[in-house]
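Read the figures in this text as sums done on the coordinates, not as results from a lab. Small disclaimer: the values here were computed from a predicted structure and weren't measured. Cβ placement follows ideal geometry from the backbone for every residue including glycine, while neighbour counts extend to all protein chains displayed.
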Amino acid sequence: MSEVLVALAGSPNVGKSTLFNRITGGDVHVANWPGVTLQRAEGRTEHHGVVLRIVDLPGTYSLSAQDIGERIAREFIVEEKPDVIVIVVDATSLEKSLYFAVMALELYQKAVIALNMMDAAEKRGIHIDIEGLESKLGVPVVPVSALKGIGLGVLLDRILDVAQGRMRILPLKVDYNGLEPFIHEVERLLRERGILKKYPCRWAAVRLLEGDEVLLDELSKEDPELAGKVRSIRERARIELGEDPERIAISSRYSLIDEIVSSTVTRVRLAAPTLTEKLDQLMLHPVTGPISSVLLILFTFFLIFAVNTGFPLNILFDHMGYTELAALIEEYSLSGILGSFFDWLSSAISDWLTPMGYADWLVGLISDGIIGSIGTLASFIPLLLMAYVFLGAMQDSGLFPRAAVSLDNLFRRFGLSGRAFFPAALGMGCSVAAVVSTRAMDDDRERMVTSMASPLIPCQARLLVLLALASAAFTNPLEQSALTVSVYLLSFVLYLLTSKLLNKFLFKVEYAPDLVMELPPYHRPSLRVIWWYARSNTEHFVKKAGLLIFVLGVVTWFLLNFGPTGYLSQGDISKSYAAILGNLLTPVTSLIGLPDWKYALAFEVGFVAKEGLLITFSSITGAADPVEALRSMGITPLKAVSMALAMNYYVPCLATVAALFSELRIGKYVLLTVAIEIALALLLAGTAYWVGILMGFS
Amino acid sequence: MELGLLPGEVVEVISNSLGPVVLRVRGMTLALGRNVASRVWVEVIP
């Protein structure tokens, strides 16, 4: 079967990813572009017996190779020479998204324009003359709605038409006015020497005059003398025209776009002030903006927590006297359902294997070690999925980008931009998600700093441990929530302070990267887009960190169930290797007022996943309820505070360390992150404990 | 510049308070940090 290579290109926020997912229908292979942490998605589909291999290029505003995304997109087009590029433009704002289209068409003519969001444009009273647009641009234009799946068949037809040469394509020519004579001069030089042949000649000439660094470098390497000539022509153009050639070139493209838009687009005015304006007045106001942003985040997490763990509804109902209802909510929360499923599976397998005469340790390994580790991995999936679903909705609706703008002022003081708000918010769901999300940042330093600092924000697993500690040591609900809230507040302060210190001492930069961010129009989030977002991010995590979590889970099981005397069939954990290791660690935990080896052991287990702390307390004491378990170990309010602080910071969990490693790719920085956390845990928990002792608590 | 902030372009300021300046230009809403924004020269038109 014949194969066609299709590249999908366009600016950010034009629905390119949605279209990509629509066409490929989930048959997608995700990797990174060589040498960078930008995601490269490739998918396939079949149409009329032809296989279309579709590569999603990074979303960029232009192709001038000024950042990594632009350079990758341009290199791909020039080097791989795809059979067709599909240029996605946004019908609701052609003025903006046509700039990329013009840039792309100057570079490569085997193209089809996908005019996306056509349905939304019509709803807003925007009418577009498709044939007019086709004749102006010289390539087929197909109106589509990626969201609703309209027009995709026609789009695929046109792609094949262009790929197989059944379509007449006219080159797009931008009139560069005063720059034209200089363009001809450079073109002639390039032709004479036969240089930069992989680019269209006119395009290369324009780009060289605009001062394209990548292209100039390439030219200098091939022919230094010619590079010098081109530079002097550029200088001459600047002097003769009295203006920067780059500015003339950009203006010329925009005036072509203005002409195209004015002749092909008709607008019917919508009278009432739109919702966007009203919401913007609220979200971008200096006072109400930050407040509503914070409320929005709190509301989002209230929803996530409630679905995943039943918190805070279970506690609320409990205090109102509806104990049964509270238990019901907890039992039917996602983690409750998954937990009881794996408990059931584990005991079912054990019951099935034991009578068959297998050794005890083997039964234990399979039913407990292996199934348990899969259970740990599985318990992450709903946490991540829910965090991504709700945050994806906030992001897609356009609310979160506004929140980033209104919080920018606060973040600047710590050498970060408002973008640093995303990992902090995601971190409350799951630190892994937070670390992975930093790849969307433009500024490399900010990306590294935030991924190193974001594990400080308490995730959902740590929330569970925190709640158990609070309810075991304090009886008054006011004191319980005071402990919980202060740990959260402290964590945010630490996130900001750590970022500032990392900026100052590790990267030696103190100014914050400037925010340049497009705010997409508000719209109702689409379930399909959110689902794609959540699914692909969760899959990414399972693939990257899944094996590591599984292996270390089984190793931990061995440490807990084997000792110098062999397999500990009675579950006598105090004789295990883990307990011996715990004993070795007690000098350290004594520093923070927890001299018992049981705490040290719990910290070891908690490295795999923080909720492992609670599981350890239960299995050591034999009390199923972790709150009961903690009480039977004689926890005091002071110990609970020390434990809460230590537990939150002592080390990012295993999955987070794996994610950090795959994002940072510098082992030294991962170790530094872990070292910072250990130091913080000892410092904070130690200080809290010894100050408490001095004040007469025990 | 390639985002469409060109000489002669009409820009509507949506918000200009403590944080970044928010502009509407060519049908797109754009947030600019104050550093970048201070390098954009404008004149007021009624």
How many nm separate the modelled label positions at residue A:323 and residue A:488, each set 7 Å beyond the Cα in the direction of the Cβ? 2.7
Simple spin-label model, 7 Å along Cα-to-Cβ: residue A:302 to residue A:2 in nm? 6.0
0 to 90° range, to nearest 10: angle between helix A:334-353 axis and chain A longest Cα axis: 60
How big is the charge dipole of region A:3-163 about its Cα centre, in debye rounded to the nearest 20, if each Lys and Arg gets +1 on its Cβ and each Asp and Glu gets -1 on its Cβ? 280
What is the order of A:672, A:298, A:559, A:19, fewest Cβ neighbours within 10 Å to most? A:298, A:672, A:559, A:19
Report, in debye and to the nearest 20, how large the dipole of region A:212-271 comes out about its Cα centre when Lys and Arg carry +1 and Asp and Glu carry -1 on their Cβ. 440
Note on chain A: contact order normalised by length, alpha-carbon pairs under 8 Å, 6 or more apart, percent, works out to 9
Mind giving me the nanometre distance, one decimal, between the label points for residue B:16 and residue A:129, set 7 Å out from Cα along Cα→Cβ? 3.8
A:70, A:259, A:611 arranged by Cβ crowding within 10 Å, fewest neighbours leading: A:259, A:70, A:611
Total charge dipole magnitude, the protein assembly as shown, about the Cα centre, Cβ charges on Lys, Arg, Asp, Glu only, Debye to nearest 20: 580
Report the one residue of A:224, A:427, A:538 whose Cα lies farthest in the direction of the positive end of the charge dipole of chain A (charges on C-beta: Lys and Arg +1, Asp and Glu -1; origin at the Cα centre). A:224
In whole Hz, what ³J(HN,Hα) sequence does region A:171-184 give by Karplus (6.51, -1.76, 1.60; θ = phi - 60°), x for Gly and Pro? x, 7, 10, 8, 8, 8, 6, x, 6, 3, x, 5, 4, 4
Using a Förster distance of 45 Å, how high is the FRET efficiency between residue A:266 and residue A:527, based on the Cβ-Cβ distance and rounded to 0.05? 0.90
Positive dipole terminus of the protein assembly as shown, leading residue within A:288, A:525, A:302 (C-beta point charges): A:288
Cross-link candidates for residue A:229: which lysines have Cα within less than 29 Å, leaving aside residues fewer than 8 places away along the same chain? A:173, A:197, A:198, A:221
Any trypsin sites (Lys or Arg not before Pro) in region A:442-525 that lie in a DSSP loop and have at most 13 other Cβ atoms within 10 Å would be A:508
Once amide H atoms are built 1.01 Å from N in the peptide plane, which residues 5 or more positions from residue A:47, or in another chain, come under 5 Å H to H? A:52
1/(1 + (r/R0)^6) with r = Cβ-Cβ of residue A:690 and residue A:632, R0 = 35 Å, i.e. FRET efficiency to nearest 0.05, evaluates to 0.85
Which whole-number percent gives the relative contact order of region A:3-163, counting Cα pairs below 8 Å spaced six or more residues apart? 24
Neighbour-count ranking for A:394, A:356 (other C-beta within 10 angstrom, fewest to most) reads A:356, A:394
Return the long-range amide H neighbours of residue A:65 (sequence gap of 5 or more, or a different chain), with a cut-off of under 5 Å between placed amide H atoms. A:71
Efficiency by 1/(1 + (r/R0)^6): what FRET value for residue A:698 and residue A:555, r their Cβ-Cβ distance, R0 = 30 Å, to the nearest 0.05? 0.25
Report, by chain and number, residues whose modeled amide H sits under 5 Å from the one on residue B:14, excluding near sequence neighbours (fewer than 5 apart, same chain). B:22, B:23, B:24
Need the full-extension length gain, residue A:201 to residue A:565, defined as separation in residues times 0.36 nm minus the C-alpha distance. One decimal, nm. 123.2 nm
Please compute the length gained on full extension between residue A:683 and residue A:285, using 0.36 nm multiplied by the number of residues separating them and subtracting their Cα-Cα distance. 139.4 nm
Among A:634, A:19, A:263, the residue whose Cα sits farthest towards the positive end of the charge dipole of chain A, when +1 is placed on the Cβ of each Lys and Arg and -1 on the Cβ of each Asp and Glu, is A:263
Which is the longest part of chain A that has none of the chymotrypsin sites (Phe, Trp or Tyr not before Pro) sitting in a DSSP loop with at most 16 other Cβ atoms within 10 Å? A:1-321
